[in-house]
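Have a look at the structure below, then the notes.
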Amino acid sequence: MWDKLITDFMSEMHPKMWAMVAQSTWETIYMGLAATLIAVLIGLPMGFLAFLTDKGRILEHRTAFSVLDVIINIGRSVPFIILLIILMPVTRFLVGTTLGTTAAIVPLSVAAIPFFARLTANALLEVPTGLTEAAKSMGATHWQVVSKYYLPESLPILINAVTLTLVSLIGYSAMAGVVGGGGLGNLAISYGEHRNMVYVKWISTIIIVAIVMICQKAGDVLAARVDHR
């Protein structure tokens, strides 16, 4: 029995296949990191604005808050697989194709931006209101309140939000493999499922789980280091 398993494994996992696994692993990491970076660059200010324009905040503006709140809620409510299909014309316009790793970053980023914006707004709710009120009483400007109080105080939660976004995007990147998005998800489907290569499917899954666990652990350690509460 074991001899047959080992023979099947060696037959399936030949050097060329290991090279494809390595390439797909890199593509998964690339998609996750690039989409997370874009989500943070756009979602962070969006989340701050949604929080600061809410009722009773320093930039209270009912219309602005309502618009941002609706955009974030709609963006979070669209299932990713549908978003992949809806955004195909946009992806083709921006990248020139809807296939491949770089093309997959577009829907991944669009899905992650409202998600991270909501996490940012929720993180800011954890900042004690007494700190900002004391800062305003001392004559701090809006920018100083944001940069000196809100941002440092919410940093551990924001790091956890980045970690959660990255972990979610790695899972979404596997789903992007259904439409030729590249990465381990594409490898598992193209070879593991369609060509019935069981070991390729399992190894792809194990690597995805390992990447998620490593990212989560790194995020937890970093958040603990900057948490001085």
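A few remarks follow.
- With respect to the conditions (1) open to solvent by less than 40 Å² (accessible area, probe 1.4 Å); (2) of a type outside the set (Val, Ile, Thr); (3) within 18 Å of the chain's Cα centre (by Cα), Ala218 falls short on a single one, namely (1).
- Some residue of the range 142-162 being modelled with pLDDT under 90 and β-branched (Val, Ile, Thr): yes
- Matching option when the condition is open to solvent by 20 Å² or more (accessible area, probe 1.4 Å) and either of a type outside the set (A, V, I, L, M, F, W, C) or in contact (Cβ under 8 Å) with a residue 60 or more places away in the chain (or both), among Leu124, Leu166, Leu151, Leu84: Leu166
- Test for Ile105: is it closer than 19 Å to Leu187 by Cα and surrounded by fewer than 20 Cβ atoms within 10 Å (Cβ to Cβ): no
- Matching residues in the range 182-229 - criterion: being part of a loop (DSSP other than H, G, I, E, B) and in contact with a helix residue (DSSP H, G or I) (Cβ under 6 Å, 6 or more places away or on another chain): Gly182, Met197, Asp227
- Qualifying residue in the range 129-137 (condition: more than 30 Å from Arg225 (Cβ to Cβ), touching a Phe, Trp or Tyr at 6+ places or on another chain (Cβ under 6 Å) and outside any loop (DSSP other than H, G, I, E, B)): no
- Any hit, the range 188-196, residues being among the β-branched types (Val, Ile, Thr) and either free of Cβ contacts under 8 Å to residues at least 40 places away in the same chain or under 30 Å from Phe9 (Cβ atoms) (or both): yes
- Filter result (open to solvent by less than 60 Å² (accessible area, probe 1.4 Å) and touching a residue at least 12 places away in the same chain (Cβ under 8 Å)) within the range 62-77: Ala64, Phe65, Leu68, Asp69, Ile72, Gly75
The values are calculated or read from the model by the stated rules, or taken from the named source; none is laboratory data. Note that the coordinates shown come from a computational prediction; the quantities given were computed from them, not determined experimentally. Reconstructed Cβ throughout: ideal geometry from the backbone, glycine too, with neighbour counts over all protein chains shown. All accessible areas refer to the heavy atoms of the entire protein, side chains included, with ligands and DNA or RNA removed. Shrake-Rupley method; radii C 1.70, N 1.55, O 1.52, S 1.80 Å.
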